[in-house]
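Step one of this worksheet: look at the structure below.
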Amino acid sequence: MADIYTVRCRSCGASVTYDAGRERLKCSYCGAEAAIADLGAPITEVDLEAALQQAEARREVIEGHQVRTCRSCGAAIAYQEARAKCDFCGAEAVEVARLEQQPVRPQGVLPFRVTPDSAKAAFQRWLKSLWFAPSDLAQRSRIDDLRGVYLPCWTFDAQVYAEWRAVPGYHRTRTERYYDASTQSWKTRTTTYVEWGPPVTGQHRDFFDDLLVSALRSLPTRYLDDVGGFATPTDLRPYEPAYFLGWDVALPDKPLREAWTEGYRRITELTEAACKRAIPGDTYKDFHMRLHLSGLTTKLVYVPVYILAYRYGQKPYRVVIHGRSGVVGGDRPISWLKVVLLVLLIGAGIGALVYWLNLKSL
Ligand SMILES: [Zn+2]
Ligand SMILES: [Zn+2]
């Protein structure tokens, strides 16, 4: 069952949009503002096992959006306005989608706080700071293509208990005498070696609160980490479609099962790293860990980013700006010409220095 969500201005009846700077709804015609009360249902975590079994979820259409898919990267985005270019890869290959079903209704949303103007300023500062960026990058990545997009993410909560064992090693040095045949004399030298200690065991307890995994196959999770992650445990609001008015919304295309495989791998890696930090000594061998997870829950949330996608030498690049902190991250194309020039300059500098030292020693 799909509901259609619509909001009209109370003063004039025109359509309203969500204003990031004011964090309120604003009429695009008369400027009247309205607060977004937290009307949505309280944010609920869903038991992971139950969610994996669940076949149908509530779906919803947001008025004024048209879903278009990209033939190049496969992204499906509910666009605020008709557009030829894909938000995610910059390809001019978007077409109106015929969705089999409407997107799943999320449990929570992190609303935009950074305005489009602030995002543009942040992007320009970032561009200036990149010495290695190709000089024509500024022209290629047209700043007008910067888009505010809500990205869907799966969150995972997990209670972690891990048991580990390992053999710690300690770096030691010893001094030994040896006979140097070339000088026909006895000499001493210092060698280093590893002394293996008795096996040690330990336990590690942890709680993962809202581990975020991108729900988009076309935008890997590392882009979310790259802008510093999102404070969903503290800042998430109950889902209220009003936050989407006036903004692009990417539709999830990564099933929960696939996202959980990724989440489980991440939890395992982070727990392993924490356990390894607790091993005494300078090195270790024969590390084994047994991981127990409990209290697994999940939910679908939307987080705000500005994306600027452009193509450089046939490859798509994406600059991502955090929609609440303004932190810039993503792909940094490197100008190899500039790198080569720098290496040559350093080489020339060393050459000059050697030449100068030689002159002095004459
Ligand atoms: Zn109005
Ligand atoms: Zn695309």
Convex hull volume per residue in cubic angstrom - Cα atoms of the chain: 217 Å³
Equivalent-ellipsoid semi-axes of the stretch 108-236, from the Cα gyration tensor, Å, largest first: 53, 30, 11
Hull-based mean projected area of the stretch 220-358, where the convex hull spans the alpha carbons, in square nanometres: 16.5 nm²
Proximal lysines relative to residue 120, as straight alpha-carbon distance under 18 Å, when same-chain residues fewer than 8 apart are discounted: 128
Burial order of peptide ranges 192-198, 289-295 (average beta-carbon count within 10 Å, highest first): 289-295, 192-198
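Counting only complete DSSP H runs, which helices of the chain cover 18 Å or more along their long axis at the Cα atoms and score a mean Kyte-Doolittle of 0.0 or above?
Membrane-span-like by this rule: 336-361.
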Alpha-carbon Rg/Rh ratio, for the stretch 197-263, with Rh computed the Kirkwood way: 1.13
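Each reported figure results from applying straightforward, stated rules to the coordinates on display, with no laboratory input. For clarity, every value in this text was computed on a predicted model and none was experimentally measured. Reconstructed Cβ throughout: ideal geometry from the backbone, glycine too, with neighbour counts over all protein chains shown.
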